[in-house]
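Please read the structure below before turning to the comments.
The values are calculated or read from the model by the stated rules, or taken from the named source; none is laboratory data. Remember, predicted model here, so these are calculated numbers, not experimental data. Ideal geometry is used to build each Cβ from the backbone, glycine not excepted, and the neighbour counts take in all protein chains shown. Ligands, DNA and RNA are excluded from the accessible area calculation, which covers all protein heavy atoms including side chains. Shrake-Rupley method; radii C 1.70, N 1.55, O 1.52, S 1.80 Å.
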Amino acid sequence: MSFIEDTTDYNVMRELMPEREFVRKPEIPIKVPERPVRQPEKKPDKNLKPEIPWKPEIPWKPIKPKPEIPCKPDCTEQEKMMQRIAECQFMALETALYLDVNPDDVCILNKHNYYSSMLKEMIAAYEAKFNTPLTNYGASECRWTYIDGGWPWVKCAGERC
Amino acid sequence: MWVYQKMLQYPAKAGYKDVRMARNILTQYGGPNGESSASMQYLNQRYSMPYDEGRAILTDVGTEEMAHMEMVATLFNQLICGATKDELIENGFDAYYVEHGCNPFYVDTASVPWDAKYVVATGNPEVDLYQDMASEQRAKATYENLVKMTDDPVLKETLRYLREREIVHFQRFGEVIRVIQERYGKRDKKGRIRYYELEEAADAAE
């Protein structure tokens, strides 16, 4: 197949160079693929249940909560709740890092979802109970209590080095 | 976008005041193998990472390193809190104190300030990931050395936690390398390893 027209004058060329053979190149026919005949689409049956496109191979099991890690004997209620949140957050983060690379692992995804939902509940409970938003997107009543209650790096509140 | 949560990832605690150790711990804050170098490196490498697994892991690990930075700074704060003038001079910390007071600063143990030279970004995802794995191992080794340098059991526990996290990050980076090598690391007819969709598109256009 050639797009450029062959304009060579072969008679002149033969006279100029008689030892060489000049033959017009045979034209290769262009193959046109046949258009597929369009089949009329079938109307979906409303009575049929829709098929689930993907089904996890591993059966989903409820997660057994592990025994709580004991807190220090002199810790307050707030510290205790914070420790539970930190534990939950750690599990969610650990599973999230794994899922970043293995996004199709249903077993770990199940675990991640469990800890993720639990974490959400616990943070909501903490924020409601002590009226201190953990992030500056949170809400607080009467006063902006985000600034109160000590910051994580401060050893003793109100103390300066 | 980042959201700050008003809590530490793990309760960073030191058993007692130790100015010498505070100085040593600073290397994990602003040293060549420290958390800030790691965080800056991973978050910076995201923009040339062509695979979603790599993008996700670089973002999440880089963010976690920021949380570790906060933990190391907290440790420093606790170790130096309440130090007297004599203690600072005895431990050779007076020069640092004059410049930065009791605030952690991005320096290593020899007071060399943090440098962008510590960060590597070549734009080649495989090379960058191998570099990240090496960074994790270096940070892990530094934590091990720090654990050796202290007798404080409470401080040791926190340092061990941080060391463990470096191992987990190392594993995840290794998995990303495996994933991208399996998927895109096949050699073409010219014997080159394929990295980018862009490269393939350019070859198809040829």
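Let me have the 222 nm mean residue ellipticity of chain B computed from DSSP H runs of 4+ only, each contributing -39500 (n - 2.57), with the sum over all residues rounded to the nearest 500. Display every interim value, and only then the final one.
Working: 9 runs with 129 residues, N = 206.
That calculation yields -20500 deg cm²/dmol at 222 nm.
Given Cα pairs under 8 Å that are at least 6 residues apart, what percent is the relative contact order of chain B? Walk me through the numbers before you get to the answer.
Details: 266 pairs, mean separation 57.1, N = 206.
Answer for chain B is 28 percent.
What accessible area, in Å² to the nearest ten, does a 1.4 Å probe give for B:V127?
70 Å²
With viscosity set to 0.692 mPa s and temperature to 37 °C, compute the Stokes-Einstein D of chain B, Rh being the Kirkwood radius across alpha carbon pairs; µm²/s, no decimals. Mind dumping the intermediate values first?
Details: Rh = 18.5 Å.
Result for D is 177 µm²/s.
Charges at C-beta only: +1 for Lys and Arg, -1 for Asp and Glu. How large is the resulting dipole of segment B:1-104 about its Cα centre, in Debye rounded to 20?
Working: 8 positive and 13 negative charges, 27 e Å.
Using only the charged Cβ atoms, the result is roughly 140 debye.
List the residues of segment A:79-94 for which accessible area in the full set of protein chains is at least 10 Å² lower than for the chain on its own; 1.4 Å probe, protein heavy atoms only.
Listed by number, the residues meeting the 10 Å² cut-off are A:M82, A:A86, A:Q89, A:F90, A:L93, A:E94.
For chain B, give the magnitude of the charge dipole about the Cα centre (Cβ charges: +1 Lys/Arg, -1 Asp/Glu; no others), in debye to the nearest 20. All intermediate terms of the calculation are to be shown ahead of the outcome.
Values: 25 positive and 33 negative charges, 63 e Å.
So the dipole magnitude of chain B works out to roughly 300 debye.
Just report the Cα centroid separation between segment B:41-96 and segment A:122-141, whole Å.
Measuring centre to centre over Cα atoms gives 27 Å.
Placing +1 at every Lys and Arg Cβ and -1 at every Asp and Glu Cβ, with all other atoms neutral, what dipole size does segment B:120-166 have around its Cα centre, in debye to the nearest 20? Mind showing how you got there, number by number?
Details: 7 positive and 10 negative charges, 33 e Å.
Here the size comes out at about 160 debye.
Bin by bin, in steps of 10 Å, what percent of the Cα pairs in segment B:1-77 do you find, going until the bin that has the longest distance?
18, 43, 28, 9, 2
Quick check for you: with a 1.4 Å probe and neighbouring chains kept, what is the accessible area per residue of chain B, in Å²?
Values: 9940 Å² over 206 residues.
That works out to 48 Å² for each residue.
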